[in-house]
Amino acid sequence: METQMAGSISRLDGNMSQDAVFKDILAYKEVLAHIMKTCVVEYRDCTIPEIMSYIENEPEVGQSGVHPDETNPPRIQGLATESSSTTEARVVYDVRFSAVAPGEDGKIGLIINIEAQGKYHPGYPLVKRALYYCGRMLSAQYGSVFTQSHYEALRKVYSIWICSHPPLERENTITSYAVEERPLVGNVAEPVRHYDLLNVTMICLGSPEGARYGGLLRMLEVLFKGRCTPGQVIQILEEEYDFSSARNMEGTVTAGCNQSQGFIEEGRERGMKEGRERGMREGRAQGADQERLRSIRSLMETTGWPVDQVMAAMKIPVEEYAKYRKLLLMPQ
């Protein structure tokens, strides 16, 4: 029987983008619960089912990123996935939702943003972008979470980034950035909940051969990197991570694997094309070198000049003298 999730994939006529597939994967509560268990300190002592129950289903503003006609398995409806103002460019979030968590004085509110990112160095510091997202999620609470001067109602915000192709030194790492209290003169203490209002976490995936590979890093690598078949992905989720609704994710997982494999093939083809083009360029350069070498030899034989004098007369750049001296010593 076709699953509900597979049906949603088929309705997209096979044209679902990689970005859309990844967002769809991240919209599953069970996937999010595993991310939250590792990256959100408030849930460290909670079970996965408990974390799933803490995710709030009712949206503050209904928005894209979630298919409203699908309610099983449970998926995020959460907050609006777009943030905008009349004077700023629109900010688009991959997944953004509200949740509650156990706190000292009962339940506390959180707003969590999850982003799927390809490159860790997209032309700007990714951490700065994540901090900007946190700032926007804090300021956007005015008028919805609190009004006037009731800043005590501010919810803590998390921006968690999953980078699928980080630089080698960052592979298989999870790094957190947060606000801390640092006494400069004297030694006083503010309650942590008064300033612990934002957190950025960078999850950098890597290869299975990496020393730190395992846990959440393995789960996300299996989901996002396209190394496993859809059947293997489902099996890993069920057997290693106790997913109860993995079978209902099969359509989305298949689309994700197909997209990832397509990008791998595209990259391979692009690499082969670039290799051919590079080979042609190198071949042309070698041909030019050989032609110039023949001219150097001919002029040396005709004039009796030493090689450096010949190259000077031919206006060959001085930095290339050593290359042609070496080539002259090679057998013809």
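The values are calculated or read from the model by the stated rules, or taken from the named source; none is laboratory data. Keep in mind that what you see is a predicted model, and the values were worked out from it rather than measured. So basically every Cβ, Gly included, is an ideal-geometry build from the backbone, and we count neighbours across all protein chains shown. SASA here: full protein model, heavy atoms, side chains in, ligands and nucleic acids out. Shrake-Rupley method; radii C 1.70, N 1.55, O 1.52, S 1.80 Å.
What is the distance, in nm, between label points placed 7 Å from the Cα along the Cα-to-Cβ direction at L184 and at Y132?
About 2.7 nm, to one decimal.
What accessible surface, in Å², does a 1.4 Å probe find on S144, ignoring ligands, DNA and RNA and rounding to the nearest 10?
Spelled out: S144, probe radius 1.4 Å, area about 70 Å².
How high is the FRET efficiency between R193 and T47 when r is their beta carbon distance and R₀ equals 22 Å, given to the nearest 0.05?
So, using R0 = 22 Å, E works out to roughly 0.40.
Would you please give the residues with an amide H less than 5 Å from that of L198, counting only those at least 5 places away or on a separate chain, with H modeled from the backbone geometry?
Distant-sequence amide H within range of L198: V157, V179.
Determine which lysines satisfy two conditions relative to K37: a Cα distance under 23 Å, and not lying fewer than 8 residues away in the same chain.
Within reach: K23, K29, K107, K156, K225.
Run down the lysines and flag those whose C-alpha is under 30 Å from the C-alpha of K315, throwing out any fewer than 8 positions away in its chain.
K323, K326
Quick query: amide H of C228 versus all other amide H atoms, modeled in the peptide plane; which residues come in under 5 Å with a sequence gap of 5 or more or a different chain?
HN-HN under 5 Å from C228: empty list.
Work the Kirkwood hydrodynamic radius out for segment 177-220: mean of 1/r over every pair of different alpha-carbon atoms, inverted, in Å.
This gives a value of 13.8 Å.
Taking only protein heavy atoms and a 1.4 Å probe, what accessible area per residue, in Å², does segment 89-194 have with all protein chains in place?
I get 57 Å² per residue for this part.
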